[in-house]
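This report refers to the structure that appears directly beneath it.
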Amino acid sequence: MQLIDGNAIAASIIAELKSQVAALPGRKPCLALVRVGEDPASVSYVKKKEKTAAEIGIESRVILPPVTIAQAELEKLIDDLNADPTVDGILVQSPLPKPLDELAVFRRIAAHKDVDGFHTLNLGKIAQEDDTGFVACTPAGVMELLARSGTDLKGKHVVVLGRSLIVGKPVALLALQKKAGANGTVTVCHSGTADVAALTRQADVLIAAIGRAEFVKGDMVKPGAVVIDVGINRVADASKKTGYKLVGDVDFAAVSQVASKITPVPGGVGPMTVCMLMQNTLKARRLAAA
């Protein structure tokens, strides 16, 4: 069994991006990070993005509106960032506190600055195989992990567990594309699927993004399959200082005995997501310059 090390792959991508940013003429790429409220996970994620941007040489501007900000005020802030020629990418950290309309805020971001890849236009460009769009960071990270671990999807049966706009739907579209490394035959399973295990057992490549802790058991995986675990779930663990441990959507102990390749949680898909955000920001800078 080969462990697909997301930390190591992310480190190599960061080194590549650092070199590319250093060679850019003119100003460096700029990423605006908007965080509303003090959700501990959001605070941690934004700090990680700041740190990675600084390592690569990307400017980050952290904007902290008050938690009481009204929808119209937040949308005006996004409009101002859209109009600012020195800002290449905009990310609004999820989740937004209630009663803010998160989807409306995401849609407010100009498509050419939507480095999170959630805009309707960018999702449509994936379907049309238009490379000028931005791919959502987690699906992009999944495809990089597969490519850099030597997994070609051509002719493979790819089963995606989950149909979210953030992971399931875009990663299914990416696996279907007529491109090197893709060309997979894709099945998407979800809460309305009958006999999920019968389908997961057919997968040459299984991508689990269902949001249920250790849902995928060893007997649900075909021997020799490649398993990508996108899930990050907190499970109570009294032995930890935090009182919990992080696990994926895959029962790692059992599935690692069956799979030929597998990503761990943590240390698999997670580190890739931030890397892909930085890659999208560099791409936005290049498109703006062009």
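Values in this text are rule-based calculations from the coordinates and carry no lab data. For clarity, every value in this text was computed on a predicted model and none was experimentally measured. Every residue, glycine as well, gets a Cβ built from its backbone with ideal geometry; the counts of neighbours run over all protein chains shown.
In the elastic network of the chain, a GNM with C-alpha springs shorter than 10 Å, the most mobile of K241, K98, K178 is K241. Using a Gaussian network model of the chain in which every pair of alpha carbons under 10 angstrom is joined by a spring, one finds that among V255, V92, V43 the greatest mean-square fluctuation is at V43. Taking every C-alpha pair closer than 8 Å and separated by at least 6 residues, the mean separation divided by the residue count of the range 1-113 gives a relative contact order of 31 percent.
Under conditions of 37 °C and 0.692 mPa s, the range 25-113 yields 244 µm² s⁻¹ as its translational diffusion coefficient, taking Rh as the Kirkwood radius over Cα pairs in the Stokes-Einstein equation. Quotient of the Cα radius of gyration of the range 209-290 and 2.2 N^0.38 Å, N being its number of residues: 1.41. Among the listed pairs K18/K245; K217/K261; K48/K113; K49/K261, those with a Cα-Cα distance over 23 Å are K18/K245; K49/K261. Below 8 Å between Cα atoms, with a sequence gap of 6+, how large is the relative contact order for the chain in percent? Once normalised by length, the contact order is 21 percent. Only Cα pairs under 8 Å and 6+ residues apart enter the sum, and on that basis the relative contact order of the range 115-225 stands at 24 percent.
With R₀ set to 25 Å, the beta-carbon distance separating K18 from E102 gives a calculated FRET efficiency near 0.20.
Once the Cα atoms are used to define both axes, helix 137-148 deviates from the longest principal axis of the chain by about 50 degrees. Here the range 69-114 is described by how far its Cα atoms reach on the three principal axes: 30, 17, 13 Å, from widest to narrowest.
Between the Cα long axis of helix 6-22 and the first principal axis of the chain there is an angle of about 30°, rounded to the nearest 10.
Between R27 and T132, the contour length at 0.36 nm per residue exceeds the alpha carbon distance by 35.7 nm. Label-to-label distance for R61 and L121 is 2.0 nm, based on points extended 7 Å past Cα in the beta-carbon direction. Each of T68 and N183 was given a label point 7 Å from its Cα along the Cα-to-Cβ line. The distance between the two points is 6.0 nm. In this rough spin-label picture, where each label sits 7 Å from Cα along the Cβ direction, the A197-A254 distance is 0.8 nm. Which angle between 0 and 90 degrees, to the nearest 10, do you get for helix 40-56 versus the longest principal axis of the chain when only C-alpha atoms count? Tilt relative to the chain: about 80 degrees.
Residue-normalised convex hull volume from the C-alpha trace of the range 137-270: 105 Å³ per residue.
Calculated mean residue ellipticity at 222 nm for the chain: -12000 deg cm²/dmol, from DSSP H runs with n ≥ 4 weighted as -39500 (n - 2.57), summed, divided by the residue count and rounded to 500. The trypsin sites (Lys or Arg not before Pro) found in the range 111-148 include none that occupy coil by DSSP while having at most 10 further C-beta atoms within 10 Å.
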